[in-house]
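Written out below as structure tokens is the structure these notes cover.
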Amino acid sequence: MEQLLFIDACVRGERSRTRKLAEHFLKTYQDKHPDTAVVRRDLCLQRLEPQYPEVLAQRDALWAAGRLDQPMFEPARQFAGADRIVIAAPFWDLSFPSILKIYLERISVTNITFGYDSTGAMKGLCRAKRMLLVTTRGGYYAGTPLEMGRRQLEALCVMYGIPELVCLDAEGLDDARNDAGALLAAAMERGAALAETF
Ligand SMILES: Cc1cc2nc3c(=O)[nH]c(=O)nc-3n(C[C@H](O)[C@H](O)[C@H](O)COP(=O)(O)O)c2cc1C
């Protein structure tokens with residue numbers, strides 16, 4: 001059975017519009033692909049410690065001992081083995097909440113999610129062929145140099161060997177001149193169409 005890994009970095013939980021958009025995508029995806037199992041990782045519930053000195057020291061020691069089977073590396077193993085990956089994260093301070101950065105640091109493990117070939121070139125080791133970022137933004141940043149969330153994930157996809165990053169977004173939700181509900185509904189429609197092919 002194929003596995004879709006859903007990484008939820010929606011800090012506002014039930015009130016999060018990003019979460020609502022992602023859940024709508026996932027529901028449609030499940031309807032269209034009943035044979036795919038959705039595995040969830042809520043970064044607010046399953047909290048990872050940042051890589052403080054002692055955490056990094058423990059990680060380095062385990063890695064040097066070849067103990068890649070240890071719980072420390074479980075998020076990386078899960079990420080590397082997923083067939084599809086969906087990340088839901090609101091646009092915060094021009095990128096995404098720090099809980100997602102902590103997660104990304106935790107899964108970026110040599111010989112699990114990426115490695116190096118005999119010439120020393122970086123080589124991605126992840127199974128997924130596509131990753132989806134679901135996000136909502138207060139203002140308008142898509143395609144500008146100030147948007148650094150999607151771009152960071154695009155770069156990491158190169159490192160992980162994931163050929164494509166797709167973004168489902170809704171913008172301008174905090175602009176009082178806009179009908180935020182209508183913008184979100186339009187994004188949900190785009191998401192439902194995307195769920196057919198993703
Ligand atoms: C801590 C924080 C930082 C934010 N930073 C930005 C930002 O840099 N640019 C922007 O357009 N909106 C920013 N916003 C607004 C959010 O992107 C917007 O409200 C989004 O829809 C929130 O998603 P949510 O409903 O899933 O929490 C920020 C909101 C918060 C709470």
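Data overview
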| read-out | value |
| --- | --- |
| Candidate set from the stretch 30-45 (those that are closer than 22 Å to I102 by Cα and either part of a loop (DSSP other than H, G, I, E, B) or aromatic (F, W, Y) (or both)); member that is most open to solvent (accessible area, probe 1.4 Å) | L45 |
| For L21: the one exception among (1) farther than 21 Å from P97 by Cα; (2) surrounded by 15 or more Cβ atoms within 10 Å (Cβ to Cβ) | (1) |
| Tabulated pairs, the stretch 7-32, first of a type in the set (V, I, T), second in a helix (DSSP H, G or I), C-beta under 8 angstrom, 6+ apart or interchain | I7/L100; I7/Y103; V11/I99; T28/G191; T28/A192; T28/A195; T28/E196 |
| Check on T119, without any contact (Cβ under 8 Å) to a residue 24 or more places away in the chain and among the hydroxyl-bearing types (S, T, Y) | yes |
| So A57, is it of a type in the set (A, V, I, L, M) and away from the ligand (no atom under 16 Å from the Cβ) | yes |
| Filter pass, E2 being touching a residue at least 40 places away in the same chain (Cβ under 8 Å), more than 14 Å from the chain's Cα centre (by Cα) and open to solvent by 50 Å² or more (accessible area, probe 1.4 Å) | yes |
| Test: L94 is under 30 Å from G172 (Cβ atoms) and touching a strand residue (DSSP E or B) at 6+ places or on another chain (Cβ under 9 Å) | no |
| Residue match in the stretch 84-97 (condition: surrounded by fewer than 18 Cβ atoms within 10 Å (Cβ to Cβ), assigned to a helix (DSSP H, G or I) and at pLDDT 95 or above) | no |
| Near pairs, Cβ below 6 angstrom, 6+ apart or cross-chain, from the stretch 87-116 (on the phi > 0 side of the Ramachandran plot) to any residue that is within 12 Å of the ligand (Cβ to nearest atom) and among the hydrophobic types (A, V, I, L, M, F, W, C) | L94/L146; L94/M148 |
| Extreme residue, farthest from A22 (Cα to Cα), among residues of the stretch 107-140 that are in contact with a strand residue (DSSP E or B) (Cβ under 9 Å, 6 or more places away or on another chain) and within 16 Å of the ligand (Cβ to nearest atom) | R137 |
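Here's the yes/no breakdown for (1) within 17 Å of C10 (Cα to Cα); (2) of a type in the set (V, I, T):
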residue	(1), (2)
Y116	no, no
C126	no, no
G138	yes, no
E154	no, no
V158	no, yes
V166	no, yes
D169	yes, no
L183	no, no
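The values are calculated or read from the model by the stated rules, or taken from the named source; none is laboratory data. All figures in this text were calculated on a predicted structure; none of them were measured in a lab. Here Cβ is always computed from backbone atoms with ideal geometry, including for glycine, and neighbour counts include all displayed protein chains. Note: areas computed on protein heavy atoms with side chains; ligands, DNA, RNA excluded. Shrake-Rupley method; radii C 1.70, N 1.55, O 1.52, S 1.80 Å.
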